[in-house]
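In what follows, a structure is listed as structure tokens, so that the remarks can point back to it.
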Number of protein chains: 2
Amino acid sequence: MQNQSTEDYIKGIYQLRRRTGAAVSTSDLARHLKVGDGSVTDMVKRLSAKKLLNYVPYKGVTLTEVGVKLAMKTIRRHRLWEMFLVRHLGYSWDEVHEEAERLEHVTSLELEERLDRALGSPSVDPHGDPIPTREGELKELIHPSVAECREGGRYRIARVSDESPEVLQYLKKLGLTLNKRIAIKQMIKFDGSVIVEWNKREIFLSGLMARNIFVEEA
Amino acid sequence: MQNQSTEDYIKGIYQLRRRTGAAVSTSDLARHLKVGDGSVTDMVKRLSAKKLLNYVPYKGVTLTEVGVKLAMKTIRRHRLWEMFLVRHLGYSWDEVHEEAERLEHVTSLELEERLDRALGSPSVDPHGDPIPTREGELKELIHPSVAECREGGRYRIARVSDESPEVLQYLKKLGLTLNKRIAIKQMIKFDGSVIVEWNKREIFLSGLMARNIFVEEA
DNA sequence: ATATATATTTAGGTAAGCCTAAATAATCGA
DNA sequence: TCGATTATTTAGGCTTACCTAAATATATAT
């Protein structure tokens with residue numbers, strides 16, 4: 001793969017931290033970025049010298065205020081591009097991640113503003129992930145996954161994890177996109193899979209699928 | 001400035017060669033890319049090893065077939081982006097060069113195709129520069145500059161050099177954009193400046209301006 | 001044709017990101 | 001709490017793209 005940029009490291013740290021809360025270990029970061037452990041220690045020292053993060057050997061890293069700002073800027077640009085590619089260039093939601101991953105790094109403030117304007121300042125991207133504001137504010141939306149729903153409940157699809165294209169492709173094929181309304185028919189405890197009803201059809205979701213689709217009571 | 005990529009070197013060679021015809025000297029390339037002479041010799045050897053160009057020490061470089069292909073691809077992406085930024089994001093023609101300079105390097109074939117489709121396969125960019133085809137064909141349009149016109153002649157503005165933002169900004173302020181029709185009122189031999197008429201107004205163009213605006217008999 | 005000027009290459013260095021293997025620190029189980 | 005396992009850092013190297021200054025070609029002018 002291509003070399004990881006400063007922005008990739010910072011974004012990675014931000015995203016891993018959101019999951020775990022605590023400082024991010026260098027080896028977790030290494031796995032996330034698909035580089036060697038030693039490479040991360042190396043890079044992390046440089047980024048620490050640039051005051052983008054705090055590094056305590058053997059303890060992991062946390063972003064500084066400046067680091068968080070950079071993460072927000074990068075995530076904002078990423079999500080604006082995803083939205084733009086879907087709305088203005090006809091991409092589907094499973095095709096935009098990789099493109100945005102590259103475009104986010106070459107986006108000027110001017111371009112960011114124009115993308116935002118062209119989209120009418122959207123608050124979420126095509127997967128339902130919130131887009132940080134121009135000022136770097138991000139309101140994390142906390143939605144339960146389908147795996148945590150109650151049988152018989154009715155929900156609106158609020159977000160789908162963009163980590164695995166497979167989930168996105170499967171849902172695309174079903175037509176089960178953002179904001180669609182579903183009913184939970186059956187929760188299968190044995191393997192965590194779920195049967196939902198949508199559009200008068202019963203749809204089977206594996207446990208993995210169910211854990212990657214997030215909903216809101218409706 | 002940022003490091004120059006392989007694509008920048010190849011594109012630079014292509015463009016310099018179009019001007020002079022012969023092999024491109026390493027120092028001309030260095031000036032063009034704003035890097036040291038020694039750096040170019042260095043890079044040129046690497047690109048030669050990759051078969052993108054032919055390098056004869058002390059004689060300069062020429063692109064191989066593969067090199068020309070890469071130049072065409074890069075120029076196509078650059079010009080499609082310029083067109084897209086103008087048509088779909090409201091940029092003006094003097095603002096797009098730098099953005100396109102970055103975007104061209106992170107554009108997948110898929111994205112290239114979608115830009116092209118969204119624009120209806122345009123044949124020229126916002127400055128009138130021809131856009132290479134998908135297959136890498138570029139038909140160079142040869143237009144005389146305003147500095148070479150004949151007094152009293154009537155012309156259509158076919159292309160404006162995108163090298164200097166100043167020219168583009170000046171013309172933008174006048175409203176004198178692509179395809180506008182002008183009449184040559186007076187050629188001033190002394191310093192090469194030209195007085196043209198457009199929209200019932202007389203417009204003064206310095207010699208430098210005149211040499212950067214290209215026209216077609218009309 | 002030779003000296004001088006100019007163009008080009010070489011040589012030695014730097015910094016960023018990466019790798020692997022060896023060394024060291026932290027953690028966990030008994 | 002001690003020893004083993006696991007996590008993390010260090011050390012030594014590689015590649016790319018850059019720089020500057022010195023060396024060497026080439027071109028020019030008399």
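Overview of values
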item	result
Helices (runs of 4 or more DSSP H) lying entirely in the stretch A:93-176 (those with 3 or more residues that are in contact (Cβ under 8 Å) with a residue 12 or more places away in the chain, away from chain B (no Cβ under 12 Å) and surrounded by 14 or more Cβ atoms within 10 Å (Cβ to Cβ))	A:165-174
Conditions (1) open to solvent by 80 Å² or more (accessible area, probe 1.4 Å); (2) within 11 Å of DNA strand D (Cβ to nearest atom); (3) over 23 Å from the mean Cα position of the chain (by Cα): number failed by B:Lys34	(3)
Residue list for the stretch A:1-31, filter: within 14 Å of chain B (Cβ to nearest Cβ) and within 11 Å of DNA strand D (Cβ to nearest atom)	A:Asn3
Within the stretch A:56-72, considering residues that are touching a Ser or Thr at 6+ places or on another chain (Cβ under 9 Å) and surrounded by 18 or more Cβ atoms within 10 Å (Cβ to Cβ), the one farthest from A:Leu138 (Cα to Cα)	A:Gly60
Filtered residues of the stretch B:37-48 (kept if hydroxyl-bearing (Ser, Thr, Tyr) and within 11 Å of DNA strand D (Cβ to nearest atom))	B:Ser39, B:Thr41
Failed item in (1) within 11 Å of DNA strand C (Cβ to nearest atom); (2) on the phi > 0 side of the Ramachandran plot, with A:Gly21 passing the rest	(1)
Of all residues in the stretch A:48-85 being touching a Phe, Trp or Tyr at 6+ places or on another chain (Cβ under 6 Å) and part of a helix (DSSP H, G or I), the one that is nearest to DNA strand C (Cβ to nearest atom)	A:Ser48
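Table: residues versus (1) within 27 Å of B:Arg159 (Cβ to Cβ); (2) in contact (Cβ under 8 Å) with a residue 60 or more places away in the chain; (3) of a type in the set (Asp, Glu).
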residue: B:Lys11; (1), (2), (3): yes, yes, no
residue: B:Val24; (1), (2), (3): yes, no, no
residue: B:His32; (1), (2), (3): yes, no, no
residue: B:Val35; (1), (2), (3): no, no, no
residue: B:Ser39; (1), (2), (3): no, no, no
residue: B:Arg46; (1), (2), (3): no, no, no
residue: B:Tyr58; (1), (2), (3): no, no, no
residue: B:Thr62; (1), (2), (3): yes, no, no
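The values are calculated or read from the model by the stated rules, or taken from the named source; none is laboratory data. Worth saying up front: this structure is predicted, and the values here are computed from it rather than measured. As a convention, Cβ positions derive from the backbone with ideal geometry for all residues, glycine included, and neighbour counts pool all protein chains shown. Side chains are part of the model used for accessible areas, which takes the heavy atoms of the whole protein and leaves out ligands, DNA and RNA. Shrake-Rupley method; radii C 1.70, N 1.55, O 1.52, S 1.80 Å.
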